[in-house]
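Read through the structure below, which is laid out as structure tokens, and then see the notes.
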Amino acid sequence: LLFCTLALNQLIRSFAPVAVAIASYFIEGKSYSYPKQLTLGILVLGILLGVSASPDFELVGFLLCAASVVGATFQIVLTGYFVGGQKVTLHVFDIFLYTALPSIILLLPLAYTSGDHVEMYKAWEKLGTATIAVLLLSGGFIAFFYNIITILLIKFTSSVYYSVAGGFKVCLVI
């Protein structure tokens, strides 16, 4: 959100169902009816109109948000592919473990370069070890079960359904 307003960020991220539908077509081999394709086309048109008319558009913010959509798309579609009974079938915890390590490897250096370790040290001094431990364990517990529920939702429905449901979730939160 440093390079992009929240409204523009959400507008760009609303492209996720389209990206998931395209990726699931190529990766999972799913096909969609003409009415669904028309609906996705109308969504794309609306997003293009909204982004092009946005007075706070910045290329860097747009590219970062678009990269986030692409990354989330591949995670959702590949999760659906591997838990959906394909040639290589992975269980829910397999998906969880295989995605955790690359996320840690990618995000720890970014957290360090952004200065999060300094803020963490300040919070540790201010709040104490016990409070920080409770906050970290609580956050980890919530994140763990959120990921398990996400993977199960993709497994028992579909990657596109999860993407659309995620959009409704954001609407309810906002």
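Points to keep in mind about this one:
- Residues of segment 92-103 satisfying the condition of being surrounded by 12 or more Cβ atoms within 10 Å (Cβ to Cβ), hydrophobic (A, V, I, L, M, F, W, C) and free of Cβ contacts under 8 Å to residues at least 24 places away in the same chain: ALA100
- Residues that are surrounded by 14 or more Cβ atoms within 10 Å (Cβ to Cβ) and either part of a helix (DSSP H, G or I) or polar (S, T, N, Q) (or both), drawn from segment 45-69: ILE47, GLY50, VAL51, SER54, GLY61, PHE62, LEU64, CYS65, ALA66, SER68, VAL69
- Single unsatisfied condition, VAL18 versus (1) surrounded by 18 or more Cβ atoms within 10 Å (Cβ to Cβ); (2) more than 13 Å from VAL160 (Cα to Cα); (3) free of Cβ contacts under 8 Å to residues at least 60 places away in the same chain: (2)
- Of all residues making up segment 61-72, the number that are over 19 Å from LEU152 (Cβ atoms) and either in contact (Cβ under 8 Å) with a residue 40 or more places away in the chain or touching a strand residue (DSSP E or B) at 6+ places or on another chain (Cβ under 8 Å) (or both): 8
- Whenever a residue of segment 33-51 is free of Cβ contacts under 8 Å to residues at least 24 places away in the same chain, its partners that are outside any helix (DSSP H, G or I), lying with C-beta atoms within less than 8 angstrom and at least six residues away or across chains, give the pairs LEU40/TYR32.
- Any hit, segment 21-42, residues being assigned to a loop (DSSP other than H, G, I, E, B), in contact with a helix residue (DSSP H, G or I) (Cβ under 7 Å, 6 or more places away or on another chain), of a type in the set (Gly, Ala, Ser) and under 23 Å from TYR146 (Cα atoms): no
- Subset of segment 95-147 that is modelled with pLDDT under 90 and among the charged types (D, E, K, R) - its residue that is farthest from LYS169 (Cα to Cα): GLU119
- Of the candidates GLN86, GLN75, the single residue that is modelled with pLDDT under 80 and either assigned to a helix (DSSP H, G or I) or over 29 Å from LEU136 (Cα atoms) (or both) is GLN86.
- If the condition is being under 20 Å from the mean Cα position of the chain (by Cα), more than 20 Å from GLN75 (Cα to Cα) and open to solvent by 90 Å² or more (accessible area, probe 1.4 Å), then segment 104-157 contributes only PHE141.
- Hits in segment 92-135 - residues which are within 30 Å of PHE156 (Cα to Cα) and aliphatic (A, V, I, L, M): VAL92, ILE95, LEU97, ALA100, LEU101, ILE104, ILE105, LEU106, LEU107
- Only one of LEU152, LEU135 that is touching a helix residue (DSSP H, G or I) at 6+ places or on another chain (Cβ under 7 Å) and within 26 Å of LEU97 (Cα to Cα): LEU152
- Residue check for THR99: within 18 Å of the chain's Cα centre (by Cα) and part of a helix (DSSP H, G or I): yes
The values are calculated or read from the model by the stated rules, or taken from the named source; none is laboratory data. Everything numeric here is computed off the predicted structure, so don't read it as measured data. Note that we place each Cβ from the backbone using ideal geometry, even for glycine, and neighbour counts take in every protein chain shown. Heads up: the accessible areas ignore ligands, DNA and RNA and are worked out on the full protein's heavy atoms, side chains in. Shrake-Rupley method; radii C 1.70, N 1.55, O 1.52, S 1.80 Å.
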